[in-house]
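Worksheet: the structure to be examined is printed underneath.
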Amino acid sequence: MDRDINTTQRWQEIDVGHLGLRSKEVAHELEMRLAELRAQKKRLVFVIHGYGSSGVGGVTKSAVLAACRSMQKVGKIRLWISVDRLGPGTDLGRSLAAKYPFLKRSSHWNSGNEGASLIEL
């Protein structure tokens, strides 16, 4: 799904938040999709997971964040950051913007969106 300045596929976007999957299914779906993107030599992936109807985080978001932690520990992903922290106010946000300057032109940059995460493969 192309958005913003992404017409050259500088990043990929996958939506696991609207599939109606259970927690284990979300983690499996995410790992499969990331493996496909890794094989295609993609580097950045925005994962849309939603934030839960309660506004404090739902099952899908929790499953995605747990999967990210696990995948980072075993080297399947380099890093991940919740989009609500992707901006000039965090060290990791600034570091990613220095490495990938085009991120600043993304609608995700400094958006405060708790319903998505950025993964670097």
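Of all residues in segment 110-121, how many are of a type outside the set (A, V, I, L, M, F, W, C) and part of a strand (DSSP E or B)?
Here the count works out to 2.
Only residues that are more than 11 Å from residue 46 (Cβ to Cβ) and of a type in the set (A, V, I, L, M) were counted in segment 76-121, giving 7. The residue of segment 95-112 that is surrounded by the fewest Cβ atoms within 10 Å (Cβ to Cβ), among those that are in contact with an Asp or Glu (Cβ under 6 Å, 6 or more places away or on another chain) and of a type in the set (S, T, N, Q), is 107.
Checked against (1) surrounded by fewer than 13 Cβ atoms within 10 Å (Cβ to Cβ); (2) touching a Gly at 6+ places or on another chain (Cβ under 6 Å), residue 49 passes all but a single condition, namely (1). In segment 12-36, which residues are closer than 11 Å to residue 48 by Cβ and over 13 Å from the mean Cα position of the chain (by Cα)? Result: 18, 19.
Quick grid of which residues meet (1) closer than 14 Å to residue 14 by Cα; (2) surrounded by 15 or more Cβ atoms within 10 Å (Cβ to Cβ):
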site: 30; (1), (2): yes, yes
site: 33; (1), (2): yes, yes
site: 40; (1), (2): no, no
site: 65; (1), (2): no, yes
site: 74; (1), (2): no, no
site: 87; (1), (2): no, yes
site: 93; (1), (2): no, yes
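Only one of the numbered conditions (1) free of Cβ contacts under 8 Å to residues at least 24 places away in the same chain; (2) within 21 Å of residue 26 (Cβ to Cβ); (3) among the basic types (Lys, Arg) is not met by residue 104, and that is (2). Among the residues of segment 57-109, those identified as among the hydroxyl-bearing types (Ser, Thr, Tyr), in a loop (DSSP other than H, G, I, E, B) and modelled with pLDDT of 95 or more are 90, 100. Being assigned to a loop (DSSP other than H, G, I, E, B), at pLDDT 90 or above and of a type in the set (Val, Ile, Thr), is that true of even one residue in segment 33-47? No, that holds for no residue. A search for C-beta distances below 7 Å between a residue of segment 9-21 that is in contact (Cβ under 8 Å) with a residue 60 or more places away in the chain and any residue that is surrounded by 15 or more Cβ atoms within 10 Å (Cβ to Cβ) and among the acidic types (Asp, Glu), counting only pairs 6+ apart in sequence or on different chains, returns nothing.
The values are calculated or read from the model by the stated rules, or taken from the named source; none is laboratory data. Since the structure is predicted, the reported quantities are computational estimates derived from the model, not experimental observations. Neighbour counts run over all protein chains shown; Cβ positions are idealised from the backbone, glycine included.
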